[in-house]
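The values are calculated or read from the model by the stated rules, or taken from the named source; none is laboratory data. Computed from a predicted model, the values in this text were never measured in an experiment. When we count neighbours, we look across all protein chains shown, and the Cβ atoms used for this are built from the backbone with ideal geometry, even at glycine. Remember, those area values only see protein heavy atoms, side chains included, never the ligands or the DNA or RNA. Shrake-Rupley method; radii C 1.70, N 1.55, O 1.52, S 1.80 Å.
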Amino acid sequence: MVIVVGVTGGIAAYKVVHLVRLFIADGHEVHVVPTDDALRFVGLPTWEAISRHPVTTSVHDDVPRVRHVALGQKADLVVVAPATANTIASMAAGLADDLLGTTLLATTAPVLIAPAMHTEMWHHAATRANVATLRSRGVHLVGPDDGPLTGGDSGPGRMSEPEAIHATALDLLRPRELQHDLAGLTFAVSAGGTREPIDPVRFIGNRSSGRQGVALAVAAADRGARVLLAAANIEADVLREADRPDIEITRAGSAAELGTVMRRAAAEADVVIMAAAVADYRVAEASEQKLTKESGPPVLTLVENEDILAGLARQRRPGQTVVGFAAETATGDELLERGRRKRRRKGVDLLAINEVGWTKGFEAAENRLLVLGADDEVVTETAGSKREVADRLLDAVRNARGVE
Ligand code: CTP
């Protein structure tokens, strides 16, 4: 699991070194995001050494990897310890003036804070209101404890001990760990539709938007998999969904390019899913010059493209699961029969039959899938949003691979 530990400017920061060690000892990936003030208590080299990752406070470092949102997006849990009165106020106001602020706004992971401040500050109406706001947004609190505070006084405001914060954090991670049923697996997924050039400005294409393939990639990544996504001509706003560190996107234009990208991805994948709509034919020789009306209606000679999926299934690595899609306009029994023939022809472990037509399948937000297993029986029948359908197909993949 990926844990972001936000450290803010309180004396208790030194105890958080131990908290980070506890997370590291569990095998978690820990990224420490201190505020500038926190570094007055514990220096940057300590955080880097203990977390084994580079540490920065600024949104201006590591800009190419959009670190200010990337950390929040990939986090499974964000812990802020110690959380000072000032930090709690910033969080309540949604301020994003440093890397911790942007990370907290970018994350959808659970957030746990361990407040630490003097008793008066903890009891102040402003802090009470801010804490209530955070709670109402689902932020979890651990502590503060009642006990000796810096300066000799005593009362509620003392940061919980690292062991207590650690235990609460693990409770919050548990449901997420259960959802990570595809962790440790690499998925090679193709999405979109190929374009076969006719001349420099024209192509033979299809109506696949790439939404179903992208939904599969995102669902697999959400469930802990590493995803290699081969994107064939997908519009930017659809592909943006897959813009995250655990999905590696490679673009492909034609069927030949997609074949090359997918073979490379499949070489390191446990699961291969061909969701892209691949042109069966290409123009034998695309014209170097734009075809003009002056030469009259063109006669296009088509030659067959390789069947990428069948090739991947033939060359599958031991233990690799290969999944195909079948876009069919047939219905009822004929739909199933065509699907069965296609599954056998391609030699895949699972075939997701997708009813398509003028108004269904392509470009639509909803989808309906029938999934055939290796014995040609329907193992899953599902309808819903492309994400819901993606999750059910991934369940079928997990079941086909058996419990690991
Ligand atoms: N596919 C492929 N390479 C091709 C054609 C299709 O890898 N040249 C893959 C698709 O990505 C999909 C599956 O094969 O996963 C089935 O695609 P589909 O277009 O439904 O089937 P076809 O093989 O084109 O067969 P038909 O034209 O008879 O429907």
Self-check item: Semi-axis lengths, Å, the range 73-162, gyration tensor of Cα atoms, sqrt of 5 times eigenvalues
Solution: 23, 14, 11
Practice problem: Would you mind pulling out the separation of the Cα centroids of the range 1-76 and the range 282-352, in Å? | Solution: 48 Å
Quiz item: What trypsin sites (Lys or Arg not before Pro) in the range 128-223 are in a loop by DSSP, with at most 12 other Cβ atoms within 10 Å of the Cβ?
Solution: ARG137, ARG207
Exercise. Compute the distance in nm between two label points, each set 7 Å from the Cα along the Cα-to-Cβ direction, one at ALA267 and one at ARG207.
Key: 3.8 nm
Quiz prompt | Helix-derived mean residue ellipticity, 222 nm - over the chain, DSSP H n ≥ 4, -39500 (n - 2.57), to 500 | solution = -11000 deg cm²/dmol
Self-check item: Residues in the range 296-321 reached by a label modelled at ALA400 [backbone nitrogen below 15 Å; 7 Å Cα→Cβ]
Solution: 309-321
Quiz item: What nm distance separates the two modelled labels at ALA256 and THR331, each placed 7 Å from Cα along Cα→Cβ?
Solution: 4.1 nm
Self-check item: Rounded accessible area per residue of the range 188-290, 1.4 Å, Å²
Solution: 44 Å²
Quiz item: For the range 221-320, what ratio Rg/Rh do Cα atoms give with a Kirkwood hydrodynamic radius?
Solution: 1.08
Quiz item: For GLU120 and ARG21, what is the calculated FRET efficiency with R₀ set at 25 Å and r taken between the beta-carbons, to the nearest 0.05?
Solution: 0.20
Practice problem: Stick to the Cα atoms of the range 1-117, pair each with every other, and give me the Kirkwood hydrodynamic radius in Å at one decimal. | Solution: 13.7 Å
Quiz prompt | Lys, Arg +1 and Asp, Glu -1 on Cβ, resulting dipole of the range 235-331 about Cα centre, debye, nearest 20 | solution = 220 debye
Exercise. Find which of ALA242, VAL218, VAL303 sits farthest along the positive direction of the dipole of the chain, computed with +1 on the beta-carbon of Lys and Arg, -1 on that of Asp and Glu, about the Cα centre.
Key: VAL303
Quiz item: Sorted by packing (mean other beta-carbon atoms within 10 Å per residue), highest first, where do 100-107, 317-324, 370-377 land?
Solution: 100-107, 317-324, 370-377
Quiz item: Taking a 1.4 Å probe, which of PHE325, PHE203, PHE23 shows the most accessible area, and what order do the others take after it?
Solution: PHE203, PHE325, PHE23
Self-check item: Candidates per GluC sites (Glu not before Pro) in the range 251-295, loop by DSSP, up to 11 other Cβ within 10 Å
Solution: GLU268, GLU285, GLU288
Quiz prompt | Top positive-direction residue, dipole computed over the chain with Cβ charges, set VAL272, GLY157, LEU351 | solution = LEU351
Quiz item: Quick one: how many Å² of LYS290 are accessible to a 1.4 Å probe, rounded to 10?
Solution: 110 Å²
Practice problem: Specify whether the C-alpha gyration tensor of the range 181-400 places it in the rounded, prolate or oblate class, a ≥ b ≥ c being the square roots of the eigenvalues: rounded for a/c under 1.5, otherwise prolate if a/b is larger than b/c and oblate if not. | Solution: prolate
Quiz item: If you take every DSSP beta bridge whose two residues both sit in the chain, what share of them, in percent to the nearest 5, is antiparallel?
Solution: 30 percent
Practice problem: Pull out the extension gain between THR292 and ALA383, defined as 0.36 nm times the separation in residues minus the alpha carbon to alpha carbon distance; nm, one decimal. | Solution: 28.2 nm
Self-check item: Compactness of the chain - radius of gyration and Dmax, Cα, Å
Solution: 26.4, 94
Exercise. Report, to the nearest whole %, how much of the accessible area of the chain belongs to carbon and sulfur atoms, 1.4 Å probe, protein only.
Key: 51 percent
Exercise. Apply the Karplus parameterisation 6.51 cos²θ - 1.76 cosθ + 1.60, with θ equal to phi minus 60°, to every residue of the range 140-154 and state each ³J(HN,Hα) to the nearest whole Hz, in sequence, with x for glycine and proline.
Key: 9, 10, 10, x, x, 8, 9, x, x, 10, 4, x, x, 7, 9
Self-check item: Amide H within-cut-off set for ASP199, under 5 Å, with H built and near neighbours excluded
Solution: SER287
Quiz item: Does anything in the range 298-315 have its amide N under 15 Å from the 7 Å Cα→Cβ label point of ALA284, and if so which residues?
Solution: 298-305
Quiz item: Where the centre of each part is set by its Cα atoms, how far does the range 158-229 sit from the range 235-277, in angstrom?
Solution: 12 Å
Quiz item: Leaving out ligands, DNA and RNA but keeping every protein chain, what accessible area does ASP145 have, in Å² rounded to the nearest 10, with a 1.4 Å probe?
Solution: 60 Å²
Self-check item: Beta bridges by DSSP in the range 2-173, antiparallel share as percent, to the nearest 5
Solution: 20 percent
Practice problem: Would you mind computing, in nm to one decimal, how far apart the modelled labels at GLU248 and LEU300 are, each placed 7 Å from Cα along Cα→Cβ? | Solution: 3.4 nm
Practice problem: Could you work out the local net charge near GLU388, counting Lys and Arg as +1, Asp and Glu as -1, over the other residues with Cβ closer than 12 Å to its Cβ? | Solution: +1
Quiz item: How far, in nm, would the chain grow between ASP61 and GLN315 when pulled straight, counting 0.36 nm per residue and subtracting the alpha carbon separation?
Solution: 87.1 nm
